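In what follows, a single structure is set out as structure tokens and then discussed.
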Amino acid sequence: MTPMNSADIQKLTALMERYGIAAFDYEQGSVQLRLTLGSSVEAAAITEPARSSGIRESDTLRSPAVGIVLHSHPASASPAPALPRQAARGEIVAYIKTGMTLRAIATAKDCVLRRALTAEGKGVGYGDALFEIAPD
């Protein structure tokens with residue numbers, strides 16, 4: 001397989017912009033590349049309508065990545081705080097594990113985390129609902 005070059009990276013960036021992909025990780029042998037769009041991908045958990053749950057767009061915190069949901073850091077001995085609970089803007093409320101990458105999920109605004117919509121250890125796709133939220 002030929003190594004990735006700058007033209008490949010430009011094509012990837014254009015595809016990411018076209019399809020709304022916030023982050024792209026690439027690894028081949030000892031080469032690792034991470035492309036991110038936007039200034040704060042980790043805190044930019046997307047909000048879209050929950051399709052079948054009846055929950056409104058403004059009521060969900062969604063996954064900006066594909067992976068496994070962790071409600072607390074894997075190195076932490078403490079369990080995740082009980083819900084419902086207050087969460088400040090920028091507070092890390094979960095993690096998405098993709099391979100060896102751990103991505104922090106933070107709130108975009110002050111809110112109340114009402115309930116988890118995805119269980120600990122379950123797989124999620126890009127845009128899947130993680131938490132039901134309410135304004136602070």
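What follows draws every value from the coordinates through simple rules; no lab data is involved. Please read these numbers as outputs of a predicted model, since none were measured by experiment. Cβ coordinates were reconstructed from backbone atoms using ideal geometry, including for glycine residues, and neighbour counts include every protein chain displayed.
Which of the three applies to region 69-136, rounded, prolate or oblate, going by the alpha-carbon gyration tensor with a ≥ b ≥ c and a/c under 1.5 meaning rounded?
Prolate is the answer for region 69-136, as a/c is 1.5 or above and a/b outweighs b/c.
Would you kindly derive the ³J(HN,Hα) couplings of region 123-133 from the backbone phi angles with the Karplus curve 6.51 cos²θ - 1.76 cosθ + 1.60 (θ = phi - 60°), listing them in order in whole Hz, with x for Gly and Pro?
x, 10, x, 4, x, 5, 6, 9, 9, 8, 10
Take each of the peptides 64-75, 2-13, average the number of other beta-carbon atoms within 10 Å over its residues, and list them starting from the highest.
Details: 64-75: 16.5, 2-13: 10.7.
For the peptides 64-75, 2-13, the packing ranking is 64-75, 2-13.
Would you mind putting 77-84, 127-134 in packing order, based on average other-beta-carbon counts within 10 Å, highest first?
Ranked from most to least packed, the peptides come out as 127-134, 77-84.
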